[in-house]
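Read through the structure below, which is laid out as structure tokens, and then see the notes.
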Amino acid sequence: MNFSELGRMIETLGKDRGIDKRVVVRAIEQAFLVTARKKYGIQGEYETRYNDAEDEIEIYQYKNVVESVKDPIIEITINEARNLDEAVEVGDQLGIRIENPSFTRVDVQTARQIIFQKVRDAEREILFSDFKHREGELVTGIARRYERGNVIVDLGKSDAVLSRKELIPGENFKTGDRIQAYLSEVVMTNRGPEIRLSRTSPMYLVKLFEVEVPEILDGNIEIKSAAREPGQRAKIAVYTSDKEIDPVGACVGMKGSRVQNVVNELQGEKIDIVRWNSDIEIFARAALAPAEITNIQVDHGNYSLDVVVEEDQLSMAIGRRGQNVRLAAMLTGYKINIISKTKLQEKIKKAVENLLQITSVSDARAQMLVQNGIMSIGDLAAMDAETLSKILHGNVADAENIIKDTHEAIEKGLINLADDEEELVSASAVPAYKGMLDKHKEDKGEGKDKFSEAERRLREELAAFKLK
């Protein structure tokens with residue numbers, strides 16, 4: 001079948017759209033396969049082949065060789081079959097080329113539409129694969145227009161979406177403005193691949209430092225974690241095993257030049273650069289700077305820190321609207337509870353008074369219990385005798401007696417069960433965020449959907465956060 005535009009179509013689509021010639025040929029063959037089925041009967045079995053030398057589509061219809069035909073679309077008699085192939089036998093399947101299929105204009109138009117649809121699908125797949133492996137990179141484009149508050153950014157081969165929530169608060173780009181952003185994810189939608197950008201992601205901060213600080217890019221300095229409240233303040237934790245390098249100083253740069261370049265790109269966002277330490281207590285003290293910390297109690301099992309500060313350091317440790325403690329919690333991956341030394345002393349006094357309601361608990365025993373974190377009658381009632389005896393340096397029998405007295409007092413309603421309300425300022429950590437950064441370092445390919453999901457959960461927790 002001659003179709004004069006086929007060769008030209010294959011060359012044009014291949015060159016102009018960057019599609020492999022074989023992909024276009026397969027699209028043409030599939031298109032005429034659909035058309036043949038519509039024309040000659042959908043129950044038939046057909047095959048289409050593009051003949052490059054003749055620039056034509058060859059259509060073959062396969063029929064079963066039988067003695068007597070019941071369905072001419074799928075069967076052929078043995079006598080007719082042997083006119084085409086003398087060696088054929090009953091039970092064989094014979095491929096018969098359809099000569100001059102005489103497709104109508106409608107048939108050809110249908111085939112053309114299918115071809116272009118297949119080509120569009122191929123283009124989408126190519127575009128998706130081109131950008132999918134670039135997830136986690138910085139990209140630069142030109143602002144083209146706004147759609148429902150989102151900035152459409154021209155990246156050259158394709159447009160990307162910088163949604164309103166991914167813009168730093170107060171940013172307003174005009175058409176033609178150059179935009180740098182973090183390519184957070186590429187997803188396939190019904191309309192094709194959607195390239196999503198972010199300027200609020202903590203990973204954008206990380207990538208900017210990689211650009212500004214050569215020691216990070218070459219691996220001599222590592223960014224262990226990062227936390228942001230976009231447009232306001234950020235913290236990053238840096239580490240190096242090279243004793244000759246000051247990781248904080250390297251990130252700050254000569255006269256603050258390196259960090260200032262990052263600050264300028266982030267619309268004036270203040271950045272604290274913290275030295276990372278494997279000792280969570282040392283790291284937490286650095287993360288909560290500039291506040292001076294009196295004491296830290298670490299609960300590794302629950303990823304929680306109880307931080308004690310002097311009264312005059314409380315507001316500094318918490319930060320404006322809880323910002324400092326929130327960022328420190330995200331940076332360390334631990335929940336941080338902050339209490340002033342005065343409040344702590346009051347809390348201990350109240351806890352001792354509470355425990356003294358149990359007749360078998362003396363003042364000395366109450367003090368020992370509180371020092372070991374038993375701050376309420378509820379905590380005491382939940383203990384086992386063996387653990388309690390070790391805390392009190394006594395025998396198991398005495399411990400059993402205390403626990404028995406505690407349960408009896410609770411049952412008879414002889415004591416005030418109200419637990420001490422901890423007068424704390426708390427900030428929840430987001431472990432998914434640290435995992436997000438670690439995953440980014442491992443690879444930039446597999447698992448990116450999880451990467452994006454972790455970042456989404458981080459933002460949701462931040463949005464829902466309320467200072468206690």
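Every number here is computed from the coordinates shown, using simple stated rules; none is lab data. All values reported here derive from a predicted model rather than from experimental measurement. Backbone-built Cβ (ideal geometry, glycine too); neighbour counts: all protein chains shown.
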Original post:
Could you give the nm distance between label points at Lys350 and Thr175, where each point is 7 Å from its Cα heading toward the beta carbon?
Top reply: 6.2 nm
Original post:
For the cross-link pairs Lys270/Lys347; Lys350/Lys404; Lys132/Lys270; Lys132/Lys224, which exceed 27 Å when the distance is taken from alpha carbon to alpha carbon?
Top reply: Lys270/Lys347; Lys132/Lys270
Original post:
Using the Cα atoms of segment 192-336 to build a convex hull, what is its mean projected area in square nanometres?
Top reply: 11.0 nm²
Original post:
Distances over 19 Å make up what percent of all Cα-Cα pairs in segment 261-312?
Top reply: 42 percent
Original post:
Given 0.36 nm per residue, what is the gain on full extension from Asp130 to Arg145 after removing their alpha carbon distance, in nm?
Top reply: 3.1 nm
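For segment 227-275, state which GluC sites (Glu not before Pro) are in a DSSP loop and have at most 11 other beta carbons lying within 10 Å of their beta carbon. Could the numbers behind the result be given before it?
Values: sites: Glu244, Glu265, Glu269; in loops: Glu244, Glu269.
For GluC sites (Glu not before Pro) across segment 227-275 that sit outside H, G, I, E and B with at most 11 neighbouring Cβ atoms in 10 Å, the list reads Glu244.
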**OP:** Go through 337-344, 362-369, 185-192 and give me the packing order, highest mean Cβ count within 10 Å leading.
**Re:** 337-344, 362-369, 185-192
**OP:** Taking the Cα centre of segment 132-200 as origin, work out the dipole magnitude from +1 charges on Lys and Arg Cβ and -1 charges on Asp and Glu Cβ, in debye rounded to 20.
**Re:** 140 debye
**OP:** Starting from the Cα of Glu56, step 7 Å toward the Cβ, then list every residue of segment 64-102 with an amide N under 11 Å from that point.
**Re:** 98-102
Subject >> Around Pro72: net Lys/Arg minus Asp/Glu count, Cβ-Cβ under 11 Å >> reply: -1
**OP:** Measure out, as a whole number of angstrom, how far apart the alpha-carbon centroids of segment 106-150 and segment 359-394 sit.
**Re:** 67 Å
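Rank the residues Val88, Val370 as a footprinting-exposure proxy: fewest other Cβ atoms within 10 Å of their Cβ go first.
Fewest-to-most Cβ neighbours within 10 Å comes out as Val88, Val370.
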**OP:** Rank by packing, highest mean first: peptides 308-318, 283-293, with packing defined as the count of other Cβ atoms within 10 Å averaged across residues.
**Re:** 283-293, 308-318
